[in-house]
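The values are calculated or read from the model by the stated rules, or taken from the named source; none is laboratory data. Quick caveat: nothing in here was measured; it's all calculated off a predicted structure. Quick reminder, even Gly has a Cβ in these numbers, built from the backbone with ideal geometry, and neighbours come from all protein chains shown. Side chains included, ligands, DNA and RNA excluded: accessible areas come from the protein's heavy atoms. Shrake-Rupley method; radii C 1.70, N 1.55, O 1.52, S 1.80 Å.
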Amino acid sequence: MSAKPRMGLWGRGVVLGTAHEGVGGSASAEPTDAELTEERVAQLNGLGAKEAVESLDLVEAASQLPDLAEVTFPGPIAEAFFWSNDDILGIQGPVGSGKTTTLMKSRLRRAIEMPKSVIDGVRRYKLLFIRETYRQLWSTTIPSYLETFPRSMGTWSGGRGDPVTHKITFEDAWGPIEFTVEFMAFGDNIIASMRGVQTTDMVLNEMDTLPVEVLTVGIGRIDRWPARQHFEGLPPQLRSYGQIVGDFNAPDEENWTFTVFHNPEERKRMGEQLSAGLPEGAKAITIEFFNQPGYGEPGCENLQNLSPSYYARQIAANTLAGRGDMNDRLVYNKVTYLRVGDPVFKREFSPRVHVSSEPLKVIPGLPLLLGLDQGLFGAAVIAQRTGYFRWRILGELHFPRERLLATIFGQRLSALLEDRWPGLQVECAYGDMAGEHGSSLASDENETWNLLVGKTAGFRVRPQTIGTNRIQPRLEAVRAALEAPIEAGEPGLLIDPSCRFLRAGFLARYVWTDEVNSTGDKRKVPDKSFTEANVMDALQYLLLSGHDGMGQSPYVRRIPGNSPSRMMGHNGGPPMPGQETGGLTSGWDLLDPYGASA
């Protein structure tokens, strides 16, 4: 069943600047359907009463299609996204930026531009929405879709908890169009669920919540509808028509959407790899990314359609809940890390203070200092120390997906030092005391992890004995550096932006957990189940090297009245009677505060 929409209401098929064979474009004629023609009456006479009424309803329903000639966009980024025909396409923006609505409307444009069948002239466009569960489809994706394409526009089949199909059939000035939409959940097995799927385009709503396998498997499911014989004889560039498109908020840096879309070189490499097997003359596969400005940035989109307090309310609510990271992601559109608990250094660490806005430059002539954490998932932190214990963290080394023996880790550490800081001497490296235990994988029973790494990398690794490896002195060493007063414009700890494990640890993944001892007592300790803990440990061993044998912070010694000579008596003993030791004074006699005995 088909119906012709009122072209005057939704753009008369005008969607391209220039039209070409098989693709929708500017119509030379202006057909109208304001009244029934004789031909239309004859068609209705051949139908039963029910079919005739349904056909008439569709004439009105089809006029509800988005008016592509008059469509308004949230902003220039969303508009560029709307017109893109790249094979893999993503748009990122804050909540309320209009990205999802723009995505929905762009599907109608794609259907109109679909190459016509050489068999019957029909443009057959199929769109697949895919999520992990049907609950997700029905709670977010389907309601968003129905705002643009109401059920009444076509035939709707399927209910909650089941696959759904929506089929809209209409005509424009260039002929009939079949617009078919399917909603599917892949469940626990992506490959099995998508086996046999044939579609034109695929939508990955809230793309960052989906596993990367949806992309890698889905690329083989698009451009498979309709069957190839419908495009037989068309030029190569018209025989291929498929797209994977997704929208998402700012992702975690560990999320695959960050890797794919935020790295132009990675996008180019993936496109070239996917295009390698294409036939001669076929259009190369391209990957494009559109990133909308966050709230408060110039060019923030869709503000004209939001209430003045839309973002202010969200900022206040997230701030009250202690979730500043959610403001960064959902409001300011900043890539960050999703918290997995309460960060250990939540109060002391500030990325605006402690993470450099640009790569740190090496200070010539100043040696390198290293912190190491031993084990199969070993970690290293590389730094220079300037001024009065100003720690500049230049880099890190960690391989969370590989189990590395000490010699292999030492080789990779040596290669990193030579590649990024050639010619700089390593003054000392401080390692975990556990790294002094004999390695069961070493050829010599006296060889330890610290010894093997040091021997391979070409420097000595000293075990960090201050605090006897207790967690509290190590944490205090980091806190002291974070809270050190700023000198010469630099804080006590400044981290190069390339140190993603350290940044993730401070912001979101080095968190508190409860530890229960044998007597049932509970205490808070850092959670070691996340890989960032290894790099954080390496940093702790490094910073603890600036403390004295008693574990006292070097910054404390600079506080007036806290020098060692003021805190001890003659010959290093306790303070002698009458000796001023500094500290707080009340200004009156504590035993006679009102001077009664005077």
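Condition first: over 30 Å from residue 330 (Cα atoms) and open to solvent by 20 Å² or more (accessible area, probe 1.4 Å). Can you find one or more residues in region 109-117 that meet it?
First, the residues of region 109-117 that are over 30 Å from residue 330 (Cα atoms): 111-117.
Restricting the remaining residues to those that are open to solvent by 20 Å² or more (accessible area, probe 1.4 Å) gives 116.
Looking for residues that are over 30 Å from residue 330 (Cα atoms) and open to solvent by 20 Å² or more (accessible area, probe 1.4 Å), one finds at least one in region 109-117, hence yes.
Filter region 326-363 down to the residues that are of a type in the set (Asp, Glu) and not in a loop (DSSP other than H, G, I, E, B) and list them by number. Before the answer, list the steps.
Step one: filter region 326-363 for residues of a type in the set (Asp, Glu), giving 328, 342, 348, 358.
If the condition is that a residue be of a type in the set (Asp, Glu) and not in a loop (DSSP other than H, G, I, E, B), then 328 is the only one that fits.
For region 125-155, a residue qualifies if it is in a strand (DSSP E or B) and open to solvent by less than 50 Å² (accessible area, probe 1.4 Å), and the qualifying residues are 125, 126, 127, 128, 129, 130, 131. Applying a threshold of 6 Å to beta carbon distances and a minimum spacing of six or more residues, or different chains, the list of pairs starting in region 525-543 at a residue that is part of a loop (DSSP other than H, G, I, E, B) and ending at one that is open to solvent by 10 Å² or more (accessible area, probe 1.4 Å) reads 527/513; 530/509; 531/400. Which of the residues that make up region 215-239 are open to solvent by 60 Å² or more (accessible area, probe 1.4 Å) and not in a helix (DSSP H, G or I)? Result: 224, 225, 232, 233.
Looking only at residues that are charged (D, E, K, R) and crowded, with 17+ Cβ neighbours inside 10 Å in region 469-478, which one is farthest from residue 535 (Cα to Cα)? If you could, list the steps in order and put the result at the bottom.
Restricting attention to region 469-478, the residues satisfying the condition of being charged (D, E, K, R) are 470, 474, 476.
Imposing the further condition that a residue be crowded, with 17+ Cβ neighbours inside 10 Å reduces the set to 474, 476.
Working: 474: 13, 476: 16 Å.
The extreme case among them is 476.
Might you check whether a residue that is within 21 Å of residue 363 (Cβ to Cβ) and not in a strand (DSSP E or B) occurs anywhere in region 427-444? No, because not a single residue in region 427-444 is within 21 Å of residue 363 (Cβ to Cβ) and not in a strand (DSSP E or B).
Tell me which residues, restricted to region 65-117, are acidic (Asp, Glu) and part of a loop (DSSP other than H, G, I, E, B).
The initial filter retains those residues of region 65-117 that are acidic (Asp, Glu), namely 67, 70, 79, 86-87, 113.
Once the filter is applied, which keeps residues that are acidic (Asp, Glu) and part of a loop (DSSP other than H, G, I, E, B), region 65-117 yields 67, 70, 86, 87, 113.
One residue stands out among those in region 255-279 that are assigned to a loop (DSSP other than H, G, I, E, B) and either of a type in the set (A, V, I, L, M, F, W, C) or closer than 10 Å to residue 289 by Cα (or both): the one that is modelled with the highest pLDDT, which is 262.
Each row is one residue, and each column tells you yes or no for (1) among the β-branched types (Val, Ile, Thr); (2) modelled with pLDDT under 95; (3) under 26 Å from residue 504 (Cα atoms).
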| site | (1), (2), (3) |
| --- | --- |
| 396 | no, no, yes |
| 412 | no, no, yes |
| 432 | no, yes, yes |
| 486 | yes, yes, yes |
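Total residues in region 387-404 satisfying the condition of being touching a helix residue (DSSP H, G or I) at 6+ places or on another chain (Cβ under 8 Å) and either without any contact (Cβ under 8 Å) to a residue 40 or more places away in the chain or within 17 Å of residue 496 (Cβ to Cβ) (or both): the figure is 9.
Considered as a group, the residues in region 305-325 that are in contact (Cβ under 8 Å) with a residue 24 or more places away in the chain and in a helix (DSSP H, G or I) include one that is nearest to residue 340 (Cα to Cα), and that residue is 325. Here is the figure for region 342-352: residues that are open to solvent by less than 30 Å² (accessible area, probe 1.4 Å) and closer than 29 Å to residue 403 by Cα total 3.
The residues of region 453-468 that are open to solvent by 20 Å² or more (accessible area, probe 1.4 Å) and over 29 Å from residue 415 (Cα atoms), listed by number, are 466, 468. The set of residues in region 280-304 that are in contact with a Gly (Cβ under 9 Å, 6 or more places away or on another chain), of a type outside the set (Gly, Ala, Ser) and assigned to a loop (DSSP other than H, G, I, E, B) comprises 285, 286, 292, 293, 295, 300, 301, 302. Restricting region 502-522 to residues that are open to solvent by 10 Å² or more (accessible area, probe 1.4 Å) and hydrophobic (A, V, I, L, M, F, W, C), the residue that is modelled with the highest pLDDT is 512. Of the residues that sit in region 156-208 and are in a loop (DSSP other than H, G, I, E, B) and closer than 16 Å to residue 65 by Cβ, which one is least open to solvent (accessible area, probe 1.4 Å)? Restricting to residues being in a loop (DSSP other than H, G, I, E, B) and closer than 16 Å to residue 65 by Cβ, the top hit is 173.
Pick from region 523-552 the residues that are under 27 Å from residue 428 (Cα atoms) and among the charged types (D, E, K, R): which of them is most open to solvent (accessible area, probe 1.4 Å)? Taking the candidates together, the pick is 528. Here residue 391 meets the list (1) under 28 Å from the mean Cα position of the chain (by Cα); (2) among the hydrophobic types (A, V, I, L, M, F, W, C); (3) at pLDDT 95 or above almost entirely, failing just condition (1). Restricting region 270-320 to residues that are open to solvent by less than 60 Å² (accessible area, probe 1.4 Å) and of a type in the set (Phe, Trp, Tyr) leaves a set whose member that is nearest to residue 99 (Cα to Cα) is 290. How about region 353-387: which of its residues are farther than 23 Å from residue 533 by Cα, open to solvent by 50 Å² or more (accessible area, probe 1.4 Å) and over 29 Å from the mean Cα position of the chain (by Cα)? Matches in region 353-387: 362, 363, 364, 365, 387.
As for region 371-386, it holds no residue that is part of a loop (DSSP other than H, G, I, E, B), within 18 Å of residue 502 (Cα to Cα) and among the basic types (Lys, Arg).
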